[in-house]
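Below is one structure, written out as structure tokens; the observations come after it.
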Amino acid sequence: AWTEAKARGYRRIGGAIGTHQPPAVEDSVRYGASLAAQRLLPEQERLPLWTDELHDRDSFLRWMKEVRPDVVVGFGHIIQPWLIEAGWRVPEDVAVSSLLVGPTDTRRLSGSSSMVRQLGAAGIDLLIASIHSNEWGRPARAHRLILPADWI
């Protein structure tokens, strides 16, 4: 989502990554990836990340007024309605680059595909490979499936 926003010419890219309560495993991964993505931007274009609780609408809108990004990278299904309710025009005033667009998402979102079907298929392939290797029970080392997301 960050790469796509940059490729489309946005300069003031605001990361509204939020955190879950209680913290989710992927919160720290998303935070680290956002910090790494910011390093691709010139230092004068780097904006502070919004990392408050994911459903804190008021905090997010305060951050928007203070930071004034051209595009927000975050969970579009949460933040886009907040922006519209607060009077922002999307994408005229601010664009949204969603970190998660599901296969049945009916909202008008642009962003990274959730890849649910592809991840499920890869998980089944991994399970079948484990069975063929006569592996039983929990693996000694956790396996992590990472697939590059499609842009929607």
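The values are calculated or read from the model by the stated rules, or taken from the named source; none is laboratory data. Bear in mind that the values here come from a model prediction, so they are computed numbers and not experimental data. Counting neighbours? That spans all protein chains shown, and the Cβs are built from the backbone with ideal geometry, glycine included. Calculation scope for accessible area: heavy atoms of the full protein, side chains included, ligands and nucleic acids excluded. Shrake-Rupley method; radii C 1.70, N 1.55, O 1.52, S 1.80 Å.
Restricting segment 67-82 to residues that are touching a helix residue (DSSP H, G or I) at 6+ places or on another chain (Cβ under 7 Å) and in a helix (DSSP H, G or I), which is least open to solvent (accessible area, probe 1.4 Å)? It would help to see each step written out before you state the result.
Residues of segment 67-82 touching a helix residue (DSSP H, G or I) at 6+ places or on another chain (Cβ under 7 Å): 71-73, 79, 82.
Within this subset, residues satisfying the condition of being in a helix (DSSP H, G or I) are 79, 82.
Working: ILE79: 4, TRP82: 29 Å².
Across segment 67-82, the extreme among qualifying residues is ILE79.
Sort out which residues of segment 7-24 are more than 14 Å from the chain's Cα centre (by Cα) and either modelled with pLDDT under 90 or hydrophobic (A, V, I, L, M, F, W, C) (or both), and write them in order of number. I'd like the intermediate steps shown before the answer.
The first filter runs over segment 7-24 and keeps only residues more than 14 Å from the chain's Cα centre (by Cα), leaving 7-12, 21-23.
Residues satisfying the conditions are ALA7, GLN21, PRO22, PRO23.
Name the residue, out of VAL72, VAL90, VAL94, that is closer than 24 Å to ARG12 by Cα and in contact (Cβ under 8 Å) with a residue 40 or more places away in the chain. Spell out the reasoning first.
On the way: VAL90 fails: in contact (Cβ under 8 Å) with a residue 40 or more places away in the chain; VAL94 fails: in contact (Cβ under 8 Å) with a residue 40 or more places away in the chain.
Unique residue meeting the criteria: VAL72.
Quick check, is ALA121 among the hydrophobic types (A, V, I, L, M, F, W, C), over 30 Å from ARG68 (Cα atoms) and open to solvent by less than 60 Å² (accessible area, probe 1.4 Å)?
So ALA121 fits the description; yes.
Collect the residues in segment 9-19 that are out of contact with any helix residue (DSSP H, G or I) (no Cβ under 6 Å at 6 or more places or on another chain) and open to solvent by 30 Å² or more (accessible area, probe 1.4 Å), keeping them in residue-number order. Write out each step before concluding.
Initially, segment 9-19 is screened for residues out of contact with any helix residue (DSSP H, G or I) (no Cβ under 6 Å at 6 or more places or on another chain), giving 9-10, 12, 18.
Selection gives GLY9, TYR10, ARG12.
When the residues of segment 124-152 are filtered to those that are part of a loop (DSSP other than H, G, I, E, B) and in contact (Cβ under 8 Å) with a residue 24 or more places away in the chain, which remaining residue is surrounded by the most Cβ atoms within 10 Å (Cβ to Cβ)? Before you say what the answer is, go through the steps one by one.
To start, the set of residues in segment 124-152 that are part of a loop (DSSP other than H, G, I, E, B) comprises 133-150, 152.
Those still in the list that are in contact (Cβ under 8 Å) with a residue 24 or more places away in the chain too: 145, 147, 149-150, 152.
On the way: LEU145: 13, LEU147: 11, ALA149: 17, ASP150: 11, ILE152: 14.
If we take residues in segment 124-152 being part of a loop (DSSP other than H, G, I, E, B) and in contact (Cβ under 8 Å) with a residue 24 or more places away in the chain, then ALA149 is surrounded by the most Cβ atoms within 10 Å (Cβ to Cβ).
As an exercise: evaluate LEU99 against (1) closer than 30 Å to ARG8 by Cα; (2) of a type outside the set (S, T, N, Q); (3) outside any loop (DSSP other than H, G, I, E, B); (4) open to solvent by 80 Å² or more (accessible area, probe 1.4 Å) and give the number of the one condition it does not meet.
Result: LEU99 fails condition (4) only.
Tell me, please, whether a residue that is surrounded by 20 or more Cβ atoms within 10 Å (Cβ to Cβ) and assigned to a helix (DSSP H, G or I) can be found in segment 42-60.
There is at least one residue in segment 42-60 that is surrounded by 20 or more Cβ atoms within 10 Å (Cβ to Cβ) and assigned to a helix (DSSP H, G or I).
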